[in-house]
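Everything below concerns the one structure shown next.
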Amino acid sequence: MEAEEDCITPSPTLEETFYILSKKNSVYRVKLSEKGLCLQKEYNGNVKNETIALEDIIGCRCMRSKRFAQKCMWHPSSSKKYHKVVDENSMEWDEKDVSAYLYIYAYIIKKGKVKSTKKRERMVITLRFRSYDKYEDNMREAQKWKVTIKYYMNTQLKTSFPSCYFTSTDVKIDNKILMILNPKSGVGKAREVFQSKVVPLLTEADINYDLHVTRHAHDARNLMRTQNMWQYMGGIVVIGGDGILNEVINGLMERPDWETLFQELKLGIIPSGSGNGLAKSISYAFNEPYDQSPILVSALNIVRGIATPLDIVRVETKNQILFSFLSIGWGLLSDVDIESERIRAIGSQRFTVWTVAKLIGLRTYRGTVSYLPVKSEKTCSISSEEDHDNRSVMSEEGRRDSFYSVGSRKSTYLSAAGSSYESLREDAIRTFGPPTNIPPLGQVLPADWVIIKGEFVLVHASYPTHLMTDCIFAPSAKLDDGCIWLCVIKSGISRAHLVQFLLGMSTGTHTNVPQVDFLPVSAFRLEPEISDGGHLTVDGELIELGPLQAEILPSLANVFARAH
Ligand SMILES: Nc1ncnc2c1ncn2[C@@H]1O[C@H](COP(=O)(O)OP(=O)(O)OP(=O)(O)O)[C@@H](O)[C@H]1O
């Protein structure tokens with residue numbers, strides 16, 4: 001007997017041999033350990049091993065035969081349909097068959113059709129338990145396997161995200177998820193995508209969820225602010241674009257309990273927008289084959305329940321505080337993003353078409369860009385011990401009480417420290433969230449800031465790698481590196497270099513183009529000349545043109561990701 005490859009089975013917890021009735025001399029030895037399943041096929045003296053890693057398993061269900069028993073003990077789902085089964089609690093079972101079945105759902109990485117590409121593929125492993133004469137005894141065996149698999153999945157989750165809520169006795173992952181679907185995102189197919197591609201996975205993974213379909217802009221934001229989010233310790237997931245996730249994050253920041261919610265809650269995104277920058281960045285960070293099946297890969301992140309830290313950026317304008325997870329832009333790229341809205345129906349191609357149009361009549365904008373360079377990546381957040389003149393550093397107490405009114409256009413600084421804000425209107429919505437560590441807008445910046453005054457083609461900042469699926473804007477970024485990656489292009493750049501820059505954004509080579517500055521910073525300030533016009537965007541959403549400053553809040557949020 002020779003093994004093709006070794007199964008990863010460090011001291012298997014459960015082990016069972018299953019016979020294949022249709023093939024004499026063939027058996028499957030199946031071993032379960034905390035690493036996953038080892039399927040060992042023995043046929044005429046040869047041994048073939050296949051390992052299904054635990055992180056690739058999303059769930060399992062016990063079933064009972066509906067009409068007739070199958071002959072094979074396990075098979076990949078891609079092969080023929082063998083027989084019908086029903087849920088163990090169904091009344092439609094076949095009395096003559098005492099077998100119990102365990103269906104194990106896994107999504108494994110396979111080679112794609114194109115060389116060197118990979119993709120995730122569904123695989124269903126069916127184990128038939130029939131050693132005993134009574135169905136109840138066979139079902140007990142199947143249940144033992146199911147409970148053990150779920151226990152291992154749960155343990156993996158606890159290790160990766162200890163603050164998650166679990167009941168100590170029940171191994172079922174029963175935390176409810178809130179799904180927020182934007183029916184208008186992208187080309188308007190989010191509902192269909194959810195029903196056909198996401199719901200089946202949620203069922204296989206036994207995920208308990210509520211679905212909220214947004215009715216208008218700001219619906220998700222209002223929901224976050226006003227509803228009890230503590231019932232959604234399974235996470236909050238948007239089915240839409242980056243704009244709807246931006247609403248969720250800002251809505252959560254409008255709650256007094258924002259701090260604990262951000263610690264406990266996992267946020268997720270199933271892409272159906274036109275940009276989908278964060279969904280791509282998350283998969284890119286963990287080397288997941290996103291491009292082949294973005295929805296499947298993103299939904300798998302969610303059903304496995306593992307989370308990883310994500311940097312958030314605090315954005316301050318003249319009249320509001322915003323929280324951003326993707327980008328801030330002024331000039332060419334933001335103009336393209338906003339102006340191409342009118343051809344939204346053509347999908348993500350709209351960006352390419354509009355960029356070409358903008359290059360023909362290239363505009364520049366006057367203003368001042370200031371930034372605080374990082375001292376070293378990974379530690380580039382602003383230290384609160386630094387002694388800057390005019391800096392507003394808040395005490396822990398002040399931090400919890402800090403709020404800002406987004407309903408009010410005129411706000412007054414009340415605290416001496418300067419980063420606690422109060423609305424002039426009683427009923428205004430308050431924004432909480434961490435305080436600033438940089439001087440308020442309008443105040444002089446410390447000496448370690450770099451200040452550039454002039455005329456710009458664009459100023460664009462990104463914190464994760466991708467602005468859009470096919471735009472790797474900050475190739476060196478990590479989800480939690482504590483850096484804002486700031487790109488500055490001044491007027492005077494040659495057309496050739498600008499084209500090289502734009503083309504390079506799909507591969508990441510644009511960062512080395514001459515006349516392009518690409519810098520990791522902890523914070524920056526933009527002071528555009530309003531009369532020059534142009535668009536200012538945060539996470540791809542338009543905001544009023546005016547002075548703005550941004551600073552990194554390292555690892556403030558947690559996002560679903562296949563972080564191993
Ligand atoms: N039911 C709705 N009708 C109209 N607008 C909505 C609705 N629900 C949400 N919105 C608004 O739509 C905006 C864009 O949504 P979303 O980000 O989901 O899609 P997108 O713009 O196509 O994607 P991307 O941001 O990735 O480009 C959000 O800012 C949100 O305010």
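The values are calculated or read from the model by the stated rules, or taken from the named source; none is laboratory data. Quick caveat: nothing in here was measured; it's all calculated off a predicted structure. Heads up, the Cβs are rebuilt from the backbone with ideal geometry, glycines too, and the neighbour counts pull from every protein chain shown. When the accessible area is computed, the model is the full protein with side chains, heavy atoms only, and any ligands, DNA or RNA have been set aside. Shrake-Rupley method; radii C 1.70, N 1.55, O 1.52, S 1.80 Å.
Being open to solvent by 30 Å² or more (accessible area, probe 1.4 Å) and either among the hydrophobic types (A, V, I, L, M, F, W, C) or within 12 Å of the ligand (Cβ to nearest atom) (or both) is true of Ala217.
Here Trp74 meets the list (1) in contact with a Ser or Thr (Cβ under 6 Å, 6 or more places away or on another chain); (2) modelled with pLDDT under 65; (3) open to solvent by 40 Å² or more (accessible area, probe 1.4 Å) almost entirely, failing just condition (3). Restricting attention to the range 281-294 and to residues that are small (Gly, Ala, Ser) and assigned to a helix (DSSP H, G or I), the residue that is farthest from the ligand (Cβ to nearest atom) turns out to be Ala285. Within the range 198-214, if we keep just the residues that are away from the ligand (no atom under 16 Å from the Cβ) and touching a residue at least 60 places away in the same chain (Cβ under 8 Å), the residue that is farthest from Tyr105 (Cα to Cα) turns out to be Ile207. Of all residues assigned to the range 20-34, at least one qualifies as being closer than 24 Å to Arg140 by Cβ and at pLDDT below 85. Number of residues in the range 540-564 that are of a type in the set (A, V, I, L, M, F, W, C), assigned to a strand (DSSP E or B) and over 24 Å from Tyr284 (Cβ atoms): the value is 3.
The condition of being within 14 Å of the ligand (Cβ to nearest atom), open to solvent by 10 Å² or more (accessible area, probe 1.4 Å) and out of contact with any Cys (no Cβ under 8 Å at 6 or more places or on another chain) holds for Leu322. Could you look through the range 220-239, keep only residues that are on the phi < 0 side of the Ramachandran plot and among the small types (Gly, Ala, Ser), and pick out the one that is nearest to the ligand (Cβ to nearest atom)? Checked the range 220-239; the qualifying residue nearest to the ligand (Cβ to nearest atom) is Ala220. Consider the range 522-539 and keep the residues that are within 16 Å of the ligand (Cβ to nearest atom) and either open to solvent by 10 Å² or more (accessible area, probe 1.4 Å) or in a loop (DSSP other than H, G, I, E, B) (or both). The one that is farthest from Ile451 (Cα to Cα) is Asp539.
Quick grid of which residues meet (1) more than 24 Å from the chain's Cα centre (by Cα); (2) outside the structural domain of Lys478 (by the TED database); (3) of a type in the set (Ser, Thr, Tyr); (4) outside any helix (DSSP H, G or I):
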site	(1), (2), (3), (4)
Gln263	no, yes, no, no
Ile270	no, yes, no, yes
Ala279	no, yes, no, no
Leu296	no, yes, no, no
Ile312	no, yes, no, yes
Ala345	yes, no, no, no
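Regarding Met233, is this residue of a type outside the set (Gly, Ala, Ser), touching a Leu at 6+ places or on another chain (Cβ under 7 Å) and surrounded by 15 or more Cβ atoms within 10 Å (Cβ to Cβ)? Criteria not met by Met233.
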